[in-house]
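Take a look at the structure set out below.
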Amino acid sequence: MEKKSYSVTEAKIKLQQFCAYQDRCHKEVVEKLQQMNMIPAAIDVIVSELIQDNFLNEERFAKSFARGKFRIKKWGRLRIVRELKLRDISKYNIDTALKEIDETEYLKTLDDLAKKRNASIKETNPFKRKKKIADYLFYRGWEAHLVYEKINELVK
């Protein structure tokens, strides 16, 4: 089956819609253009025009990504940072994005997650119980010192 070929204008319109639907990072946009069989020169032109027209903004993407993953998926800072790095987001934008997370809300979410997980575990051995809670929170990207502090508070 033959792939459709796009002119630069068609591709730009398609990518404007792609970016308007939800914030995207540069890497996603470039990958999308490569899937559309665009040549590297055309990709550079389209990406720079999307940036100029404010369809593509890496800082805005990083902030909304951090807010969303924290509020909806209850991810900790480490997981958010790891996922942003996978998307080639700069350290400056990652730091800016992490400022979007309110510290008291962050600690309250950790507390809620730990209590909920603790209540759902049937294990009676306190060491195994602590490990299960810790593994769950580490997978979600919460910092070790916060996790251990919370576990020791919950499981005696």
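Read-outs: derived from the displayed coordinates by stated rules, not from any lab. All of these numbers come straight from a predicted model, not from anything done at the bench. Cβ: placed from backbone, ideal geometry, glycine included. Neighbour counts: every protein chain shown.
Scaled against the 2.2 N^0.38 Å expected of a compact globular protein of N residues, the Cα radius of gyration of region 39-79 reads 1.60.
Karplus-based coupling profile of region 112-124, in residue order and whole Hz: 4, 4, 5, 5, 5, 5, 4, 5, 8, 8, 8, 4, 9, with θ = phi - 60° in 6.51 cos²θ - 1.76 cosθ + 1.60 and x standing for Gly or Pro. Restricting the trypsin sites (Lys or Arg not before Pro) of region 2-36 to loop positions (DSSP other than H, G, I, E, B) with no more than 12 neighbouring Cβ atoms within 10 Å leaves LYS3, LYS4.
Given R0 = 30 Å, the distance between the Cβ atoms of GLU149 and ALA20 translates into a calculated FRET efficiency of 0.10. Using 19 Å as the Cα-Cα cut-off, could you pick out the over-long pairs in LYS69/LYS99; LYS32/LYS69; LYS131/LYS156? Those over the limit are LYS32/LYS69.
Against the empirical 2.2 N^0.38 Å (N residues), region 89-156 has a Cα radius of gyration ratio of 1.28.
Give me the percent of Cα-Cα pairs in region 45-124 that sit more than 22 Å apart, rounded to a whole number. The calculated P(r) of region 45-124 puts 38 percent of pairs beyond 22 Å. Ranking of HIS145, HIS26 by neighbouring Cβ atoms within 10 Å, starting from the fewest: HIS145, HIS26.
To test your reading of the geometry: what angle, between 0 and 90 degrees and rounded to tens, separates the Cα axis of helix 40-52 from the longest principal axis of the chain? That works out to roughly 70 degrees. Using alpha carbons only, how many degrees (0 to 90, rounded to 10) separate the axis of helix 58-71 from the longest principal axis of the chain? Helix 58-71 sits roughly 30 degrees off the main axis of the chain.
Here the residues VAL147, VAL30, VAL8, ranked from fewest to most Cβ neighbours within 10 Å of their Cβ, fall in the order VAL8, VAL30, VAL147.
How far is helix 8-21 tilted off the main Cα axis of the chain, in degrees rounded to 10, range 0 to 90? Around 20 degrees separate the two axes.
By other beta-carbon atoms within 10 Å, ranking LYS69, LYS156, LYS74, LYS128 with the fewest at the front produces LYS156, LYS128, LYS74, LYS69.
Each residue of region 142-156 was assigned a 3J(HN,Hα) from its phi angle through the Karplus expression (A = 6.51, B = -1.76, C = 1.60, θ = phi - 60°), giving 8, 5, 4, 4, 5, 4, 5, 4, 5, 5, 5, 6, 7, 10, 9 Hz with x at Gly and Pro. The magnitude of the dipole of region 8-52, with charges of +1 and -1 set on the Cβ of Lys/Arg and Asp/Glu and taken from the Cα centre, is near 60 debye. Listed values for region 129-138 are Karplus-derived 3J(HN,Hα) couplings in whole Hz (6.51 cos²θ - 1.76 cosθ + 1.60, θ = phi - 60°), namely 4, 4, 4, 5, 5, 4, 4, 4, 6, 5, and x replaces Gly and Pro. Rounded to the nearest angstrom and listed largest first, the equivalent-ellipsoid semi-axes of region 8-52 from its Cα gyration tensor are 14, 11, 10.
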